[in-house]
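These notes are about the structure you will find just below.
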Amino acid sequence: MKCDRVAIVTPAEDGLWLAIATSGSVTAHRCTDPAEAVLMLSEAPAGATLLGVNDAPEAWREPCGPEAATWPGATSAPLLVARIDPALLAAEAHAFAEAHPGTTPAEAQARQMAMALLALSEEGALPDLLAATFAPVLGADHVLDLRRALPATLEPPRLRDDCFAMPQGVDWVPVDEALSRLRQALIPVAGIETCATADAGGRILAEPCRARRSNPPSPNSAVDGYGFAHAATGAGPQRLPLVDGRAAAGQPYGQPVPEGAAIRILTGAILPEGVDTVVLEEDTASDGASVVFDGPVKPRANTRKAGEDVDEGGTALPAGQRLRAPDLALLSALGIAEVAVHRRLRVGVLSTGDEIIPSPDLPAQPHQIWDANRPMLLRLAEGWGYAPVDLGHVRDDSTEIERRLNDGTEQADVILTSGGASAGDEDHVSALLSSRGTLSSWRIALKPGRPLALATWQGAPVFGLPGNPVAALVCALIFARPALSLMAGAGWVAPMGFDVPAAFTKSKKPGRREYLRARLNDQGAAEVFASEGSGRISGLSWATGLVELPDGPIAVEPGMPVRFLPYAGFGI
C-alpha cells in the first residue's frame, strides 16, 4: 500500500490532536472527540489514507465508513486504520516541541508519527511494516526505520578533508589569548620555608640572595707567574730580583714586596702588599734569583679585583630563581649557608574514563586501554621540580569525579585531569567544572588538544587535559608548564625555540596553531613524525621536540624555516 496521506490521532488532556501529512505539508488540528476528527479527515482531499490511532482500530472503522479496514488483517484499503504508539518517537517529538514553543507533546507526537509513516510510504517501505501482522502496534518492530524516516531538522557542519576541522558556529580561543588569560588569573601559591643551600637544588628562591662578602674577597692573581709593582717596570727587557718565598692560594705572603722586586705567585693567591701586576710564567725566564721578561706590561695585568664578581651585600640571585648546580656553587662561594625557598608546588594528577585500566599490570579487555597519561603527567611534574600527587583513576561517574576533585584540593595546589574535557555525553569533567566550578576558557584553537578545560575548583586551578596522550602532552607543555611555574613562584616561562630548515612538506589551513612531533636530522633540519594522528603515541617517544606552526595559513616546503621547540627547552 502506498498512501496519499497519513493521519495520526493522539490523545490530549482536553480532547485529541489530528495531524495530517501529505506530500509537502503537515497540518495539525485540535479535536474535541473522535467524531470531529473523522469529520475533519473526510473533508480533506480524497486519496488512499493510513489512519493511526492510539486505541483499538475497530472502534474507528464504523465511524470512518464502509471503505475503512483495520490492521492487523487488511494491508490495503482506501482508509486503513491501524493502532500506533506515539511514544515510539518520544525523543523526536520532544525535540520538535523544544524547537517550536507552544507545541504540546500530543501535537508533536502526532506530527512526527504522521511525517515518519508518510516518508516510509513514499520510500516504498510501508509494506514491510504492514507485513508484521504479529505486532499489535504498527511500527513497533521497526522503530529505527520510523526514526530514520523523519527529515533532518538540523544542518550539520560541512565536512572538510581535515577530520579535525573546526565546527561551524564555535568561537575558538587563540592560544596566545588563552595563555594571556591564564597568566593574568594566576598568582604564586606555594608557601615559604628555609632550606640548606646544599639541599636546595631544584628549589625556587622566595627572596633575593645577597652576598655575605665580596667575591673574590681580596685582589688575587689570575695566573701562575711573578708579581710586582707596575711602577718599577718600563719598556724593553726587565730584570727584577726575587724575594724569598711565594704566594699561593690559601698560603698568603705576609710581607710587603719592595718596589723593584718580584715574587713567585700562583693562581688564586692574594696579591701581597706592593704587588699590583702579574706577568705570566710562560712569558718569563728565571734562575731562581731573579726573573726576566719583556716590557712594557699592562698595569694590573693578570689580576682580579676584590668584588669584581659580586660585591658584598650585592644581589647574587633574584627571587624566583630555580636553583641549579651552578647556582649552588655561587651561593656557597658567597658564604650563604641557607636560603628562603618556596614550598614545592603540589601537583595532583587524576585520570578519568570507563575505558581506562589504571595500571599496566592489570588485565585489559579489547575495549579497554592502560593509563598512559597519569604516569606521564606525574613524571613531568616531578621533573619540573614539583611534588607529584597521584590522585588515581576514576570511572566516568560525576559523583565520584566530584569526590576526587574535592580530595585533590586538600592534597594539591593544582590539579591536572586527563579525559572528559570535551563536550560529549561522557565528558563529565568539563560538565562538572562548568556547573559547579569556574570554567575559565576552553575550546582553544590548537592541534592536537582542542578539548582543553581551564578552570578552578574550590579555589584550586584545574587543567582538564584531553584524554589522548599526544594531545595531553602538548597541552601540558604549552599551558600547564608556564602556569605551574608561575604558581610555584618561578614566574611565567615561555617555551625555548629556534628556527631550523624544514625537512617536510605540509599545507596548513588557518584558524589553529599546530604542534607537530619532530626531531632534527643529521643536517639540522626538522623532520616530522610520519602520521599526525594523535592516536600514534609512539611519535612522542620518537620525537625530540615539537615544530610550532602559526595560527594563520602556511604552506611548508623543504628548506623553509620553521620554529622548533626542543623537549629540553620544556625541561624534559
Net charge near Gln238 (other residues with Cβ under 12 Å of its Cβ; Lys, Arg +1; Asp, Glu -1) is -1
Hey, what number do you get for the chain at 222 nm if only DSSP H runs of n ≥ 4 count, each worth -39500 (n - 2.57), divided across all residues, to the nearest 500? -6500 deg cm²/dmol
Here the convex hull volume per residue of the chain, taken over Cα atoms and given in Å³, is 228
In nm, to one decimal, how far is the modelled label at Arg436 from the one at Ile369, with both set 7 Å along Cα→Cβ? 2.7
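Taking the Cβ-Cβ separation of Ala232 and Thr315 as r and a Förster radius of 41 Å, what is the calculated FRET efficiency to the nearest 0.05?
E(calc), rounded to 0.05, equals 0.55.
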Strictly greater than 26 Å: what percent of every Cα pair in the range 1-154 meets that? 16
Probe of 1.4 angstrom, ligands and nucleic acids ignored: what's the accessible area per residue over the range 291-415, in square angstrom? 50
Span from the the range 38-57 Cα centroid across to the the range 190-251 one, whole angstrom: 107
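If N is the number of residues in the range 505-572, what value comes out of its Cα radius of gyration divided by 2.2 N^0.38 Å? Present the calculation step by step, with values, prior to reporting the outcome.
Working: Rg = 11.8 Å, N = 68, 2.2 N^0.38 = 10.9 Å.
Rounded to two decimals, the normalised Rg is 1.08.
Within the chain, what whole-number % of the accessible surface is contributed by carbon and sulfur, with the 1.4 Å probe and all protein chains included in the calculation?
Details: 14150 of 27370 Å².
The nonpolar share, carbon plus sulfur, comes to 52 percent.
With the cut-off at 20 Å, report for the range 312-416 the share of all Cα pairs above it, as a whole percent. Mind showing how you got there, number by number?
Values: 3024 of 5460 pairs.
Result for the distance tail: 55 percent.
Would you mind computing the Rg to Rh ratio of the range 446-509 from its alpha-carbon coordinates, Kirkwood style for Rh? Could you put the intermediate results ahead of the total?
Numbers: Rg = 14.7 Å, Rh = 13.8 Å.
Expressed as Rg/Rh, it is 1.07.
Let me check something: with ligands and nucleic acids excluded, how do Ile537, Ile192, Ile336 order by accessible area (1.4 Å probe), largest to smallest? Display every interim value, and only then the final one.
Values: Ile537 80, Ile192 110, Ile336 20 Å².
From most accessible down to least: Ile192, Ile537, Ile336.
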For Glu514, Glu282, give me the order by solvent-accessible area with a 1.4 Å probe, most accessible first, ignoring ligands, DNA and RNA. Glu282, Glu514
Output the 0 to 90 degree angle, nearest 10, between the alpha-carbon long axis of helix 398-411 and the longest principal axis computed from the alpha carbons of the chain. 20
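Place the peptides 520-527, 545-552 in order of packing, highest mean first, counting for every residue the other Cβ atoms within 10 Å and averaging per peptide. Provide the component values of the computation, followed by the final result.
Numbers: 520-527: 14.1, 545-552: 19.6.
Those peptides, ordered most packed to least, come out 545-552, 520-527.
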Using 5 Å bins from zero, what percent of all Cα-Cα pairs in the range 184-271 falls into each bin? 3, 10, 16, 13, 10, 7, 8, 6, 6, 7, 6, 3, 3, 1, 0
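Beta carbons within 10 angstrom, averaged per residue: use that to sort the peptides 303-309, 388-394, highest first. Walk me through the numbers on the way to the answer.
Values: 303-309: 16.3, 388-394: 19.9.
Ranking, from highest mean packing down: 388-394, 303-309.
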Three principal axis lengths of the range 489-543 [C-alpha, angstrom, descending]: 39, 28, 26
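The values are calculated or read from the model by the stated rules, or taken from the named source; none is laboratory data. Small disclaimer: the values here were computed from a predicted structure and weren't measured. Because the Cβ atoms are built from the backbone with ideal geometry, glycine has one as well, and the counts that use them run over all protein chains shown. Surface accessibility is based on the protein's heavy atoms, side chains included, excluding ligands, DNA and RNA. Shrake-Rupley method; radii C 1.70, N 1.55, O 1.52, S 1.80 Å.
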